[in-house]
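Data block below; observations after.
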Amino acid sequence: MTWSATARGAHQPDNTAFTQQRLPAWQPLLSASITLPLFFCAGLAFIGLGLGLYYSSNGIKELEYDYTGDPGTGNCSVCAAAGQGRAPPPRCSCAWYFSLPEFFQGPVYLYYELTNFYQNNRRYGVSRDDAQLSGLQSALRHPVNECYPYQYSAAGLPIAPCGAIANSLFNDSFSLWHQRLPGGPYVEVPLDRTGIAWWTDYHVKFRNPPLVNGSLALAFQGTAPPPSWHRPVYELSPDPNNTGFINQDFVVWMRTAALPTFRKLYARIRQGNYSAGLPRGTYRVNITYNYPVRVFGGHKLINFSSISWMGGKNPFLGIAYLVVGSLCILTGFVMLVVYIRYQDQNDDDEDDE
Amino acid sequence: MDCTLVRTLLHRYCAGEEDCVDSRTVYVGHREPPPGAEAYIPHRCPDNRIVSSKYTFWNFIPKNLFEQFRRIANFYFLIIFLVQLIIDTPTSPVTSGLPLFFVITVTAIKQGYEDWLRHKADSAVNQCPVHFVQHGRLVRKQSRKLRVGDIVMVKEDETFPCDLIFLSSSRADGTCHVTTASLDGESSHKTHYAVQDTKGFHTEEDIDSLHATIECERPQPDLYKFVGRINVYSDLNDPVVRPLGSENLLLRGATLKNTEKIFGVAVYTGMETKMALNYQSKSQKRSAVEKSMNVFLIVYLCILVSKALINTVMKYVWQSEPFRDEPWYNQKTEAERQRNLLLRAFTDFLAFMVLFNYIIPVSMYVTVEMQKFLGSYFITWDEEMFDEETGEGPLVNTSDLNEELGQVEYVFTDKTGTLTENNMEFKECCVEGHVYVPHAVCNGQVLPAAATIDMIDASPGAGGREREELFFRAVCLCHTIQVKDDDEVDGPRKSPDSGKRCAYISSSPDEVALVEGIQRLGFTYLRLKDNYMELRNRDNDIERFELLEILSFDSVRRRMSVIVKSATGEIYLFCKGADSSIFPRVIEGKVDQIRSRVERNAVEGLRTLCVAYKRLIQEEYEGIYKLLQAAKLALHDRERKLAEAYEQIEKDLILLGATAVEDRLQEKAADTIEALQKAGIKVWVLTGDKMETAAAACYACRLFRRNTQLLEVTTKRLEEQSLHDVLCELSKTVLHCSASLTRDSFSGLSADVQDYGLIIDGAALSLIMKPHEDGSSSNYRELFLDICRNCSAVLCCRMAPLQKAQIVKLIKFSKEHPITLAIGDGANDVSMILEAHVGIECLLHFPSVFVPVLLWVFTTDPVRHCLPDSLQHQLHLPPHPAAQPDGAARRHGHTQEGSCPLQRHRQECSPLLAGVHLLDVLRRVRCSGVFLRCLLHV
C-alpha cells in the first residue's frame, strides 16, 4: 500500500517502548493453583452477599390489597360495576379495612400497583412533550406531533400536558384512618405526598410555564386539559409548589415503568405518631375509585411496604447472587476433581518429552 | 476493473475483424507491404496509454461507493441505516449512520489518495518522452501517443515504453541487455537478440528504410512466451521470413542496460502489453479469517432475520386481543388504524431488524481495521528488521494478512537465496580425477582449506595436461556471461587481478563463480567481440574462439552448450550441466572417478556441474546448423522442436570434469528452522537443486537431524518399484509409527519420537500429481498427503517453478485447509509466493555483492511485483538474514532452550493453538508487531 511506502520510507525506526513493543504487559498463565482458589473465593463471596441480600429483602414487610373490584371481593366491586362501560366513570368511594396484629416497622411507604398496563409500549412511551413539560412557552402552545391524538383538543386548543401518558394519569386517591381501640374513633393518619418524586424530575425536568400576572391559571390560558382529566393541570393541588406540571403525583406518573406490572409511590408515612411505623390496631383506607382498569384486563392494588438498606422488597437479587455463587463453587469442585484425577497423567506426559 | 472493461469494450468493438484471427499483423513503420504480399486485415489496437488507476474524477464517488458497498458488512449497515431512515424506528438513524459514514469516508479518502498517486504515476508514465523514428528523423513524443507499428529508440537505462520487437542495437552483435527486476523480480541481466536481418540498421535513416511486416500472436500475459514471424521485404527478392521468439521481444517495464541504444518496433501497446495483462489477471488475496467471518456474517444475518420474523408474528398474536392492541390509554391515530395490515406487519418486521441489528456490531469492524492498520505499522517500525546498510526497514504490502502470520502451519521455503546466501564461491574442480582448488585468494580472504588439497601441478601426463586445458577452456567458454567494462554496474563482481576493471554479468551466479574460479586457475575470459570469444590463457596469450551456436540453458534439460570454432579451425561443442543430465550422454571419460567426486561434493552441500565436450567436424556442424535453423524458424511448437534438436545434438559427449560451487547458508538459518519446528510448524524446502546438495543443505540447517529417518520418493527408486508400491510402503511405515506413537504417549512409554523426513523429486511429484488414466489420481495424492502430514520435514528437489506452486496448492486445499506461507527469492518462486496464503519475497538486491540483504515482500497483490522496488513492501532482515518468516523465531532458539513450554503445548493442542504459540514467539522477540486473530475486514 502506498501509504506505508510514503510514510516510512528509508528512515530508521524509532527506538521507543511503544514502537518496539516493550510496553509492560501482564500475560497470565492460568494454572490450576491460581484458578481453583479464585473460583472458591468468588463463590464464597457471592454466597455471602446473596444471603445478606436475601434475608434483608425477606425482612421487609408488605401488606397488599387488590381493590379492582372483581365481583365478591369487598365493597369496591360496587364501584367497579358502577363504572363499567362508562368513561369517565362517576365518582365512587369504597374502603378497605385491615388490622395489624403487631407493630409495622417504619418508615412505611404507600404504593399503588397496576397490572397489565403497558407504560412501556413505544407508541405510549413517546407520546409526551418534554419541552412543554419543562415550561417552554412555545411548546405549551404547540405540542409535538408525537402527542397525537392527544395533541390538540376537539376545539383545536393545544392540550397541556399533551400526550397519552399525561392523559392516562392515575387519579384514584387514598386516605388512611386508624382505629386505636376496637369501637373507637378512626383517626386520620397523615400521608406525606410531597417527597415522592425524583429530585431531578421535580426540580429540573418539570417546570411550570412562567406565571402570567402571578397566576398559573392565566399561564395555561388557551390550553385544554387532557380529555380524560376532570380538572385542568393548574388545579391539581391547592399548594402552589405542587400544582401544574410539578404536581408530584403527575411527575411520578410521567416517569414511565419498564414492565406492565408496576408500582408507583403514592405517599410516605412519616409524620406524627406514625413516623416510626404503624402501631397495632384496625385501619381503614378510604379509596376514591376513578381509574378504569378492567377494560384492559388490569388490576389495581394498594400496597404498604417498609424499606431496608437495599431498597424495597426484591428477593431476586439475593437469589441471583446465591445461584452464581453456588455455580462457581460447583465448577471449582469439578475442576478440582479433574485436576486431581488427571494430574499424574500430565506429569507423565511431561516426562515423556 | 477498468482494464477489463476496456478490454471487453475493445473486444466488442473489434469483434467483427478479430474474432476469426488469432494473430495480429504489424506493419513496421506503418509501411504497407508490397502489393504482391498477402492481403492483411488491419486491426485496431489501443494506444500506449497505461491506466492503472481505478477511478476518474467523475466516477470516483459512485464507483468507490459501489465497491465499498459490495463488501457484505458495509452493505448490511447501509441497509439498516436506510431502514432506520424510512420507517419509524425505535433507534435513531444516527447510531448506525455515523460509524458507517466514518468508515466509508476514511476508506474513500485512503483509496482516493492512493488512486491520486496512481493517476500521477500513470500520467508521468504516459507523458514521458519517447523517441520515435519518423521519416528518418528522431521525434520526441509522449509515450501515450505510441501506436502499434511505430519504431522506437530506447537509450541505456530507459525502460521500454511498450512491448517491442528488437530490431537493432548499437552493439555490433545485435544484442542488448535487459533487467526485468520490476517485472518478475529477477535483477540479473538478460540478453536479448535483434532480428538477424535487421540488426544491421544502426541509424534512423537505415531503420526507416526497413520494409517489413510482423505477424505475432494475440496479446498474452505469459511473460516468457512469444511466438511470431517477421517478413522482411527487399526490392530484389522474395521476403525473408524469420522466426521471432521471446528473446526478440523487449517487454514494457524492463530496463535497457549496458547498451547504448536500441531500435524496436511496437507490437503490443498500452493495456495489451504483457505487463499490463499480468497486472489485470490476478485478484487480491484475502485472509482466511476474513473469508470465514463473511460466512459467519451470513449466519448471523439469517439469525437476525428469523428473529425479527418470529417477533413480528408473536407481536400480532399478542395484540390480537383488542384491549392489548389499543387500550383506552393508548389510542392509535386515524392513519395508523387505516394502514394496510401487510404494510404494518412489514414495517414492524423492519423495526425488529433495526432493534436487533446489534447482533452484528459495526464498532468491531472499525476497531479491527484500526488494529490491523496499527499492526502493519508495528512491523514497519520494528528495529530488528531494519537494515542499516540499505537504510530500509520492512514495508507492509497489506495489513489484511497480518493475522494469518500467527496461524501459519506450513512454511515453504526456497533453498537458494533464501536458506542460503546465493553468494556463490568456486570451491574446486575435478578433471579426470585430479582435484584443483583455485588459488587461495578469494576476495581478499585466504581460504584455510586450500593447502591441504592437491594443487594444480599434481602433474598429469601430457594427454592429461591437454585435457586439463580443454576443461578450463570449456568452463571459460560455455556460459552466457556478459562482460561489463565500466564500473558503474549495479552489483558487479570485480575481477580481482585484471588490469582494467571488468565485471561479469550473468543470469546465473553459478556461472560467474565458475568463470572467476577458472580465472584464478589461469584462464581469464575477456569478452565477446564480433561473435568471437576471447580468453587469456596461462601464458598470457589471447585465444579467440568463434561462437557458432548457443544452446541455451533451460530447467528441463538442466544443461547448456556452446559450439565454438577455435583459431585452428577445430569445432568443439562444450556442454555444461547437472550431473544427472550429463552422465547419460557421456560415452567416454573417467566417469566413475568424476562421479564419485561429484557425489562427495554433493554430500558436502556443494552445487556441482559436469563439463563435457565433443569435437565436431565441419559436416556435422552443418547438419547441426540446419537442424537448429529449422527448429528456430518454426512458428508453432518451436520450443518442442528446439528441445528435440538439442536432444539430438547433445549426445555422445566426452566427460571432462566437474566443478563445485559453494552456496553458504544464511546466518541463523538453522536456528530459525529449529525454532519453527519446535513450534510445530512444518517446513518444506522446495528447490530446483539436485537431491544430494539439497539434502546436505537440509542437514546443515537442521531441517533433517541425525536421527531423522529419511523416506525417499525419487526417480531412482521409482525405477525399481512402481509408484503405488512405494507410496503404500512409506505410508505404512509412517502411519504405523504414528499410531504406535500416540498410543505410547498416552501410556507414557515412548522414549523418543521418531522423526521422518521425506525427500521427493520433481519427476516423482509429477507422477503423483498426474491424473490417472482412469481418473483416480486422487488416491496417490491422498496417500502422498498422508505421508507428508506425518513427516516433520519435507524436501522437494528438482522442482520446476510451476511444481512449487502445485505443491503449495496441494497443501492449501488439503482437507485441513492449513494456512501456508511461502518464502522465496527471484522469479522461480513467484508462482509459489502468489499461491500461498502469506507470501514473503526476499529479493537479493545485489546478487553478486557480499551484502546479504533480504527483502521480504508480503505479497497480496501481484501487481506490486510489477512496480519498482521502491514501491514494494520490503521486509528487511538485516544483519542476519535468517531465512524464516520471522527472523524472529530464530531467536526463540536462544530464549527458550531450557524448558520449552512451547513444545509441550504444541503436542497437546490443535494447530490453531500452535499458531497462537508461534504468535507468542513472534511477539516475544518483538519482531512481528501486533497480530490479531479472528478479525474481520471492513
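What is the mean number of Cβ atoms from other protein chains located within 10 Å of the Cβ atom of each residue in peptide B:108-116, rounded to a whole number?
1
How about the range B:640-724: which trypsin sites (Lys or Arg not before Pro) there are in a DSSP loop, with at most 10 other Cβ atoms within 10 Å of their Cβ? Kindly include the intermediate steps, with their values, before the conclusion.
Details: sites: B:Arg640, B:Lys641, B:Lys651, B:Arg664, B:Lys668, B:Lys678, B:Lys682, B:Lys690, B:Arg702, B:Arg705, B:Arg706, B:Lys716, B:Arg717; in loops: B:Lys651, B:Lys668, B:Lys690, B:Arg702, B:Arg705, B:Arg706.
Taking the range B:640-724 and a limit of 10 other Cβ atoms within 10 Å, the loop trypsin sites (Lys or Arg not before Pro) found are B:Arg706.
What does the C-alpha gyration tensor say about the overall shape of the range B:619-680? Classify as rounded when a/c is under 1.5, otherwise prolate if a/b is larger than b/c, or oblate. If you can, show how the numbers build up before the last one.
Details: a/c = 5.10, a/b = 2.33, b/c = 2.19.
Since a/c reaches 1.5 and a/b is larger than b/c, the shape of the range B:619-680 is classed as prolate.
Just add up the charged neighbours of A:Ser134: K/R +1, D/E -1, any other residue whose Cβ is under 13 Å from the Cβ of A:Ser134.
Result for the local shell: 0.
Once you average over the residues of B:317-330, how many Cβ atoms of partner chains fall within 10 Å of each Cβ?
The per-residue average across the peptide is 5.
Checking the cross-link filter: which lysines have an alpha carbon closer than 21 Å to that of B:Lys315, excluding same-chain neighbours under 8 positions apart?
Partners within reach: B:Lys307, B:Lys332.
Based on the mean of other Cβ atoms within 10 Å per residue, sort peptides A:289-302, A:137-150 so the most packed one is first.
Final packing ranking: A:289-302, A:137-150.
Mind checking which lysines have their Cα closer than 20 Å to the Cα of B:Lys372? Skip sequence neighbours fewer than 8 apart in that chain.
Candidates past the 8-residue exclusion: B:Lys110, B:Lys285, B:Lys291.
Can you put B:Ile624, A:Ile319 in order of Cβ neighbours within 10 angstrom, beginning with the fewest?
A:Ile319, B:Ile624
B:Lys682: which lysines have alpha carbons under 19 Å from its alpha carbon, excluding same-chain residues fewer than 8 sequence positions away?
Correct list for B:Lys682: B:Lys415, B:Lys668, B:Lys804, B:Lys809, B:Lys812, B:Lys815.
Need one word for the range A:80-200: rounded, prolate or oblate. Basis is the Cα gyration tensor (sqrt eigenvalues a ≥ b ≥ c); a/c below 1.5 gives rounded, then a/b vs b/c decides.
prolate
List the cysteines in chain A whose Cβ has no other cysteine Cβ under 4.7 Å from it.
A:Cys41, A:Cys328
What are the GluC sites (Glu not before Pro) within the range A:31-113 that DSSP puts in a loop, where the Cβ has at most 10 other Cβ atoms within 10 Å?
Working: sites: A:Glu62, A:Glu64, A:Glu102, A:Glu113; in loops: A:Glu102.
When the GluC sites (Glu not before Pro) of the range A:31-113 are filtered for loop state and at most 10 Cβ neighbours within 10 Å, A:Glu102 remain.
With 10 angstrom as the radius, rank B:Val240, B:Val103, A:Val337 by how many other C-beta atoms surround their C-beta, starting from the fewest.
Numbers: B:Val240 15, B:Val103 20, A:Val337 10.
Fewest-to-most ranking of B:Val240, B:Val103, A:Val337: A:Val337, B:Val240, B:Val103.
Among A:Thr16, B:Thr312, B:Thr820, what is the fewest-to-most ranking by other Cβ atoms within 10 Å?
Taking fewest neighbouring Cβ atoms as first place, the list is A:Thr16, B:Thr312, B:Thr820.
For chain A, which DSSP H helices look membrane-span-like by this rule: Cα extent along the axis of 20 Å or more and mean Kyte-Doolittle of at least 1.0?
Membrane-span-like by this rule: A:32-58.
Once a ≥ b ≥ c are taken as the square roots of the eigenvalues of the Cα gyration tensor of the range A:60-306, is the result rounded (a/c under 1.5), prolate (a/b larger than b/c) or oblate (a/b not larger than b/c)?
Details: a/c = 2.06, a/b = 1.58, b/c = 1.31.
Prolate, since a/c reaches 1.5 and a/b exceeds b/c.
Since every read-out is calculated from the coordinates, none of them should be taken as a lab result. Keep in mind the model is a prediction, meaning the values are calculated, not measured. Reconstructed Cβ throughout: ideal geometry from the backbone, glycine too, with neighbour counts over all protein chains shown.
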